[in-house]
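**Q** The structure's right below; bear with me while I get my questions together.
The values are calculated or read from the model by the stated rules, or taken from the named source; none is laboratory data. Only a predicted model underlies this, so the values are computations on that prediction, with no experimental measurement involved. Heads up, the Cβs are rebuilt from the backbone with ideal geometry, glycines too, and the neighbour counts pull from every protein chain shown.
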Amino acid sequence: MTVFICSLFLPNTINFSLPTSSPRLGRPAAPKSRPTSTRIETSAKQPSLFAQRDLTPPQTPIREDANEFFSINDGAASRTHFPKQENPRSIIAPSDPHAPAWGTGKLFTQPRSRASSPPPADILKHNKTAEKAVSLGRAGIRQPQLGGRSDSHDRVFAHANWTVVPADQGNGGLRNAVQAAVRNGSLNDKIWVGTLGMPTDALDDTQQKQDIEDRLATEYDSLTVFCKDSDFDGHYTHYCKQILWPVFHYQIPDNPKSKAYEDHSWVYYVKVNQDFADKIVKDWKRGDIIWIHDYHLLLVPSMIRKKLPDAKIGFFLHVAFPSSEVFRCLAVRKELLEGMLGANLIGFQIHEYARHFLQTCSRLLCVEATNNGVQLEDRFVDVMDMAIGIDPVALEMNRAEPDVARWLHTMQERYRGKKLIVARDKLDYVRGVRQKLLAYELFLNKYPEWRDNVVMIQVATSTTEQAELDATVSDIVTRVNSSWANLAYQPLVYLKQDISYAQYIALLTVADALMITSQREGMNLTCHEYLFCQDGKFEGHNKHGSLILSEFTGSASVFGKNELSVNPWDYRQCDEAIKTALEMEDEEKDTRWTKLNEAVMEHTAEHWFTAFLTRLDKVYDEQHRRDTTSVPRLSINRLGSQYQKSGRRLFIIDYEGTLASWGSPHDIILTSPQRTLDVLNDILVDERNTVYVMSGRQPEELDRLFKRVPNLGLIAENGCFLKEFGSSDWVEMSDPEKMHAWQDSVEGIMQYYHERTPGSWIERRHCSLIFHYKSCEDQESASRQAGDCASHINDACEEQRVSAIPVEGEAVIVAPIDWSKGTAAMKIFEGLEKNTDSPVDFLMVVGDGRDDEVIFRWANELQRKKTVQNVTTVSLGSRNTEAGYTLTQGVTGVLTVLQKLAQLS
């Protein structure tokens, strides 16, 4: 069994060796006075959608002193000096899945992109399909050449020597989890699937690409997805980063500079997703596991499902999933949801994101969403939440490197007597760097006694699209330092660049507090690494620092409020959190850190990896067992043999769609087909038989339908009313006062949507309410309103123990959670066991609807526990089912089976 680990970027990429006489063909050499970032900068930076001049003030020259970690200057952004190159053996991926990766400090030599950026808008004029994107790519669209380069120069890469090197971008948390699973023997056979993270149009289309693909496959267990530069640029730079990333982080792109309304990049997103799906389908073998990661590849699960219906597919979203109100702003919202629903199991970091996904599916797709997943017509998709973590074993090994101790000593000397607040964030609007610095400025204004005693070190990894934010942050830094800095003190050290891994570990170790103020974030694993590094085991450092963490990060949900939780928009709360962190007693710090560290060690990367795959195996087996193609057809001969041998028989049979075809609820005169009545009377001739008919109709309706069938037991309104076998009285299972209370509040919500949905109507029953919209002319609008209605009721009435279940294209049914066909069946069975001399040894349950699944599960459990000797559960529907058998002849087949059984009595 092979596990396909599918993410946008492979763990490795390609570095080319070019003639020294052509310096422009690769990346420019890094300045010697600053550290080299290991982010992928190999391809030329694309023209920014928000291109502006560089507003960062010029930097004051700094003293190249190997003993100083951070230099003091009056510029807006300080710079770090590296006395020597870091030890390459200390490389691991950063745990933060969306942060730059650590590297050796070397720049890769790779081709520049040939894509036109942004993508040409004329792609929409004639054809919106992915094939149009392919044709444009083959047409060889070129961006304006930078630095005097030409296509002829680019071709030198097609004949250059190359080597495979660790990539410096991608999901570091995922890589660490895979490495941990391999190291501990829980993952033996894996294949990475992804791109090289570099432009590839300049490569030789035949031999060179094949050589690279073969090398990565044989030596690095990787399948390489080669995309046209135009496809990848439109997919990643424009659709993922300009549309999906902001929306998933609650930033609706409605400002004048946004390109979200120009959906031409969507076709490139589809094309790249299809490239991934085709690559996996080509290499997949039965029994393999496919695990797809993150928002770059939301369509891949359904694309694979179409080609491989029996594949075992998992999907995990590493970023936040927004509420339905935000997600619905996407033009292709249904396509994205349906793409994700191609998986067997969908994972999210925390419960909040999973709940948002379920609500969004219910609201936008009008499907039944339970706490465990989404019920589609033909299958069930499980949904889970499980937070990813760090790899403590690898982190412990890497912080033992000599460079870490050297930098720790340097920082302790440099900031002796000062309290350090540290942070490392990507410089974008989501990470809340601006809010953090404003809160720190407020802190210094309010508490002058802390001036000269506290330093904030903010590491900000740069982006190419945030010029305005960069300028704003730089202004704040300049203002803070100009107000309180002197020759010996700088209150705010701002590094608009990344730092080496050894420096990063030293920074986390020496810090008195870590401050994370993300406006929205899946998981912030920087704080997990910080807590691990604060264990006090490092020589010369035996304190436990405080953690100031935004309540809008996924990590906050696993820490149990032992951190200092803040709202990043509340500057006063943030500045008070800084004061609390700096003045906290050691005993309280130790207590908080102990609990926080326990959470870190519980939610490790390896545990996340193995737990997800274990759950995927389990749900796949359950779903496959419930697939109607795997459920055998009912054998009448076998059933008849069990029937004849039994002494006490119980039949529980659904009415609508099982004993009779669905009738109109507006029928003035309710009648059952004569054949149905005859068959029921025939089966009841045998005194050993007890028959119950269950229905969603009201008690008085069932009395009229079956007045000619004496001794028939009845279950009305899906379990809220029960007329026991041989009795003439109805028993209401629920409390009428509580029932009327929730009905009044739910009906008010339904009335709101009824007024906005012409042709809809509300049906009030004793124990349920139904919002009908089947007769509406505008079905698309009605379906949308019905989805909103179901979502609204489930959110507002959860404490009243009711649930709204959408029936696609027909209605929204609101019924109590505590009473169902299953609870009625249990009461019936318990009564028979107590009041009869012989126990029930034959049980047959027949139904066709989703609400019958609960009784199928109950009956199957009786058989598993051997409470009943012979149990037969039969489903008539084509959807996946818990039933043990299927009947394809519908109502006619059920009546035929019952008639043959009656003849055997």
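**Q** State whether one or more residues within segment 865-888 are part of a helix (DSSP H, G or I) and surrounded by fewer than 14 Cβ atoms within 10 Å (Cβ to Cβ).
**A** So far as segment 865-888 goes, no, none of its residues is part of a helix (DSSP H, G or I) and surrounded by fewer than 14 Cβ atoms within 10 Å (Cβ to Cβ).
**Q** Tally the residues that are in a helix (DSSP H, G or I), under 24 Å from residue 376 (Cβ atoms) and either free of Cβ contacts under 8 Å to residues at least 40 places away in the same chain or among the charged types (D, E, K, R) (or both), restricting the search to segment 828-858.
**A** Residues flagged as in a helix (DSSP H, G or I), under 24 Å from residue 376 (Cβ atoms) and either free of Cβ contacts under 8 Å to residues at least 40 places away in the same chain or among the charged types (D, E, K, R) (or both) within segment 828-858 amount to 8.
**Q** Hey, another quick one. State whether one or more residues within segment 603-614 are free of Cβ contacts under 8 Å to residues at least 24 places away in the same chain and either acidic (Asp, Glu) or assigned to a helix (DSSP H, G or I) (or both).
**A** Yes, segment 603-614 contains a residue that is free of Cβ contacts under 8 Å to residues at least 24 places away in the same chain and either acidic (Asp, Glu) or assigned to a helix (DSSP H, G or I) (or both).
**Q** Which of the residues spanning segment 724-752 are of a type in the set (S, T, N, Q), farther than 18 Å from residue 811 by Cβ and in a helix (DSSP H, G or I)?
**A** Correct list: 745 only.
**Q** Of these, 328, 305, which one is within 20 Å of the chain's Cα centre (by Cα), at pLDDT 95 or above and surrounded by fewer than 22 Cβ atoms within 10 Å (Cβ to Cβ)?
**A** 305
**Q** Continuing with the same structure: Among the residues of segment 283-320, what is the count of those that are within 30 Å of residue 625 (Cα to Cα) and either assigned to a loop (DSSP other than H, G, I, E, B) or among the small types (Gly, Ala, Ser) (or both)?
**A** The qualifying residues number 16.
**Q** Another one. Is it the case that some residue within segment 203-223 is among the aliphatic types (A, V, I, L, M), within 29 Å of residue 466 (Cα to Cα) and crowded, with 22+ Cβ neighbours inside 10 Å?
**A** No, there is no match, as no residue in segment 203-223 is among the aliphatic types (A, V, I, L, M), within 29 Å of residue 466 (Cα to Cα) and crowded, with 22+ Cβ neighbours inside 10 Å.
**Q** Of all residues in segment 592-638, which are closer than 21 Å to residue 885 by Cα, of a type in the set (S, T, N, Q) and exposed (fewer than 15 other Cβ atoms within 10 Å of the Cβ)?
**A** 629, 630, 635, 637
**Q** Identify the residue in segment 553-579 that is within 29 Å of the chain's Cα centre (by Cα) and of a type in the set (Val, Ile, Thr) and, among all such residues, is surrounded by the fewest Cβ atoms within 10 Å (Cβ to Cβ).
**A** Here the residue is 558.
**Q** Let me ask something else. Looking at segment 828-860, which of its residues are within 20 Å of residue 689 (Cβ to Cβ) and aliphatic (A, V, I, L, M)?
**A** 828, 832, 840, 843, 844, 845, 846, 855, 859
**Q** Among the numbered criteria (1) surrounded by 21 or more Cβ atoms within 10 Å (Cβ to Cβ); (2) farther than 15 Å from residue 650 by Cβ; (3) touching a helix residue (DSSP H, G or I) at 6+ places or on another chain (Cβ under 6 Å); (4) in the same structural domain as residue 723 (by TED's automatic domain parsing), which one does residue 854 miss?
**A** The failed condition is (1).
**Q** Do we find a residue being within 29 Å of residue 631 (Cβ to Cβ) and among the β-branched types (Val, Ile, Thr) anywhere in segment 335-357?
**A** Yes, segment 335-357 contains at least one residue that is within 29 Å of residue 631 (Cβ to Cβ) and among the β-branched types (Val, Ile, Thr).
**Q** Looking only at segment 522-552, filter to residues that are surrounded by fewer than 24 Cβ atoms within 10 Å (Cβ to Cβ) and among the acidic types (Asp, Glu); which one of those is modelled with the highest pLDDT?
**A** 551
**Q** So which of 407, 450 ends up being surrounded by fewer than 19 Cβ atoms within 10 Å (Cβ to Cβ), more than 20 Å from residue 319 (Cα to Cα) and modelled with pLDDT of 90 or more?
**A** Just one listed residue meets the conditions, 450.
**Q** On to the next question. For the structure I just gave you, tell me whether residue 675 is surrounded by fewer than 17 Cβ atoms within 10 Å (Cβ to Cβ) and closer than 19 Å to residue 848 by Cβ.
**A** The answer is yes for residue 675.
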